[in-house]
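The values are calculated or read from the model by the stated rules, or taken from the named source; none is laboratory data. Please read these numbers as outputs of a predicted model, since none were measured by experiment. Cβ atoms come from the backbone with ideal geometry, glycine included; neighbour counts cover every protein chain shown. The area values use the complete protein model at the heavy-atom level, side chains included, leaving out ligands, DNA and RNA. Shrake-Rupley method; radii C 1.70, N 1.55, O 1.52, S 1.80 Å.
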Amino acid sequence: MILILEPNTDPDSDAYRQLMNFLEQLPNIQTRTHRVVGAEQTLTEIYLIGNTSALAVDEMSTLPTVERVVRISEEYRIIGRHHDNERSLEFTYKGVTFSQHELHVFAGLCAVDTPKHVEMMMQALQEHGQVCTRMGAYKPRTSPYAFQGHGKSCLPYVFELAGKYGIRVIAMEVTHENHVREIHEALDQTGHPTGVMLQIGTRNTQNFELLKAVGRQSEMPVLLKRGFGITLEESLNAAEYLASEGNSRIVFGLRGMKTNMGDPHRNFVDFAHVPVVKRLSRLPVCIDPSHSVGSRDRAPDRLLDAMHVTAQGVIAGANMVLVDFHPVPEKALVDGPQALRLDELALFLQDVQIAREAYLNRVALMREHTAEP
Ligand code: PEP
Ligand code: MN
């Protein structure tokens, strides 16, 4: 059972103390408090764990500072929706709000290679009004002989260039908890010119120690990619690991599943799960058209497959698009063949906008259709 308190409830107030005293006296019930600090308000949720079937929702709703009570199922205690469409789990990081209602494009380099390419990318993003990007410094590669990313050595110039071009959030994969520390140190050293969304890649979705380490810090939000060979339920449980350690500032990423059934795409595109993840969880949902399609192939209508699947994900309500671009794809050290070119950025953003408007129109139409008389 979750007690959702009135917004901005002060933990030092008498009412809050009365509530906690009451809860402490309940037999066989433990409490766990979860605070979500947003731009405008702080939301406090108290999770009651134990024999909650003996507690009546009506009675608990009358306790001091309690706004609403939600009875939860066993799964996804923190990230889950639990049949309650009112509850949002939005967060604002570096002035950018992430929720199931927003949409942000994170176009950028799969892997950082040279300062020049980083700068060209960031400059193009600024010219097109973008404040988010992706930049890989730590790359998990299939072959031990492949380029592994520049690691911590590139962080200072990546962060400084981001600051120079007004980039506020960089999605950056980490494969070890040391990387979190290195990113933190480099941000400190450069004076926090930008922010980082820590990305947990598909190969690490069930790396529980990494999940716990990333979940223990709550300064940086997390983009958790769905595991490419496990069920959706298992991947959502991975997100719950992050939240249960204290960090519920999570975006859930769909990036395709590993099976030959999706050939000729690199992975089987799973963006039909966008609305499913929004129903099962309160997390914003990201789609990654680059790592699911894996090529620049195009259909007879001239649209790239990557653009087609992006539109499919966005028209289904996706909240974030993570997409590979490169100023000189032939020179990219990782995933050049799937990268879009900078002269395609405007086109890509416009195409996303068309799909986004179509999504909003579809929602409005359905709302009219289901409106109470
Ligand atoms: C990436 O986004 O660079 C990446 C490696 O993605 P994934 O973990 O989905 O393969
Ligand atoms: Mn890649």
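Of all residue pairs spaced 6 or more apart or on separate chains, those with beta-carbon atoms under 6 Å, a first member in region 1-14 that is closer than 17 Å to I79 by Cβ and a second member that is not hydrophobic (A, V, I, L, M, F, W, C) are M1/T52; M1/R71; I2/E45; I2/Y47; I4/E45; I4/E67; I4/R68. Just one of (1) modelled with pLDDT under 95; (2) buried (at least 24 other Cβ atoms within 10 Å of the Cβ); (3) of a type in the set (S, T, Y) fails for S244. It is (2). When the residues of region 10-31 are filtered to those that are under 28 Å from L242 (Cβ atoms) and either among the aromatic types (F, W, Y) or touching an Asp or Glu at 6+ places or on another chain (Cβ under 9 Å) (or both), the one that is surrounded by the most Cβ atoms within 10 Å (Cβ to Cβ) is Y16.
Mind listing whichever residues of region 65-81 are buried (at least 17 other Cβ atoms within 10 Å of the Cβ) and either of a type outside the set (S, T, Y) or farther than 28 Å from C286 by Cα (or both)? Result: T65, V66, V69, V70, I72, R77, I78, I79, G80, R81. Inside region 47-64, residues that are open to solvent by 20 Å² or more (accessible area, probe 1.4 Å) and assigned to a strand (DSSP E or B) make up a count of 2. Given the criteria closer than 21 Å to A238 by Cα, out of contact with any Pro (no Cβ under 8 Å at 6 or more places or on another chain), within 16 Å of ligand 2 (Cβ to nearest atom) and not aromatic (F, W, Y), does V180 qualify? Judged against the criteria, V180 is not a match. Can you tell me which of D288, D305, D301 is surrounded by 21 or more Cβ atoms within 10 Å (Cβ to Cβ) and among the acidic types (D, E)? That would be D288, the only listed residue that is surrounded by 21 or more Cβ atoms within 10 Å (Cβ to Cβ) and among the acidic types (D, E). Evaluation of V105 against the conditions (1) closer than 18 Å to L198 by Cβ; (2) in contact with a strand residue (DSSP E or B) (Cβ under 9 Å, 6 or more places away or on another chain) shows that the sole unmet condition is (1). In region 238-265, the residues that are within 27 Å of L103 (Cβ to Cβ) form Cβ pairs under 6 Å with partners that are open to solvent by 50 Å² or more (accessible area, probe 1.4 Å) and of a type in the set (A, V, I, L, M, F, W, C), at six or more places apart or across chains, as follows: G256/F268; M257/F268; G262/F268.
Would it be correct to say that P275 is part of a helix (DSSP H, G or I), touching a Pro at 6+ places or on another chain (Cβ under 9 Å) and not hydrophobic (A, V, I, L, M, F, W, C)? When the stated conditions are applied, P275 does not pass them. Within region 123-146, residues that are within 16 Å of S290 (Cβ to Cβ) sit with their Cβ atoms under 6 Å from residues that are assigned to a helix (DSSP H, G or I) and open to solvent by 50 Å² or more (accessible area, probe 1.4 Å), at 6+ positions apart or across chains, in these pairs: P140/R203.
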